[in-house]
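A.B. asks: First the structure, then my questions, so here it is.
The values are calculated or read from the model by the stated rules, or taken from the named source; none is laboratory data. All of these numbers come straight from a predicted model, not from anything done at the bench. Note: ideal-geometry Cβ built from the backbone for every residue, glycine included; neighbour counts use all protein chains shown.
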Amino acid sequence: MLKYEVMNTCIRVFADSDQINRCREDLKSKEEGFLELADVLNLAGNAVRLKILYLLKQENELCPCDLSDILGMTVPAISQHLKKLKDAGIVTTKKSGQTIFYSVEAHSQRIISSVLDLFNLPNTIPAL
């Protein structure tokens, strides 16, 4: 029986150890940001949640009933998506009487805006 060994080999003659170390340190210093962005993108990867985030960014705040009417979905279905976004700290709530309004959490604004700004680029993503 033949045994194959996977080796970390490369055909380059010289490795730029300064570059490798600089890149490793750069990634290490940004690790928390990568994890946060990955979490946001993971949740925003669902079309309904992406639409909800888009609408919240456009309108600043909406209640589940508004989102239900706009998206043509039931309030419980919308609420499930909002719960996931809230549990991840991407959206926040504000209560006004009996109504709960949702908005994008301040610390997530930059990430959400960057992702949703792709809709403004010509010929990249079709309009909603």
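A.B. asks: Here is a check on your reading of the model: is Glu32 surrounded by 11 or more Cβ atoms within 10 Å (Cβ to Cβ), of a type outside the set (Lys, Arg) and without any contact (Cβ under 8 Å) to a residue 60 or more places away in the chain?
C.D. replies: So Glu32 does not fit the description; no.
A.B. asks: Could you list, ordered by first residue, the pairs with Cβ atoms under 6 Å in which the first is in the range 40-66 and without any contact (Cβ under 8 Å) to a residue 60 or more places away in the chain and the second is surrounded by fewer than 14 Cβ atoms within 10 Å (Cβ to Cβ) and outside any helix (DSSP H, G or I), at least 6 apart or interchain?
C.D. replies: Cys63/Thr99
A.B. asks: Having 1 or more residues that are in contact with a Gly (Cβ under 9 Å, 6 or more places away or on another chain) is the bar; report the helices (runs of 4 or more DSSP H) wholly within the range 9-70 that clear it.
C.D. replies: 31-44
A.B. asks: For the range 33-63, how many residues are modelled with pLDDT of 85 or more and of a type outside the set (S, T, N, Q)?
C.D. replies: Looking only at that region, the number is 15.
A.B. asks: When you check Asp16 against the structure, is it at pLDDT 80 or above and farther than 30 Å from His107 by Cβ, yes or no?
C.D. replies: Yes: the conditions hold for Asp16.
A.B. asks: Right, here's the next one. So in the range 85-102, with the set limited to residues that are part of a helix (DSSP H, G or I) and not basic (Lys, Arg), which one is nearest to the chain's Cα centre (by Cα)?
C.D. replies: Selected residue: Leu85.
A.B. asks: Among the numbered conditions (1) of a type outside the set (Ser, Thr, Tyr); (2) at pLDDT 95 or above; (3) in contact with a Ser or Thr (Cβ under 8 Å, 6 or more places away or on another chain); (4) in a helix (DSSP H, G or I), tell me where Leu82 comes up short.
C.D. replies: For Leu82, the failing item is (3).
A.B. asks: So Leu118 ticks every box in (1) modelled with pLDDT of 90 or more; (2) over 22 Å from Pro64 (Cα atoms) but one. Which box is left unticked?
C.D. replies: Failing condition for Leu118: (1).
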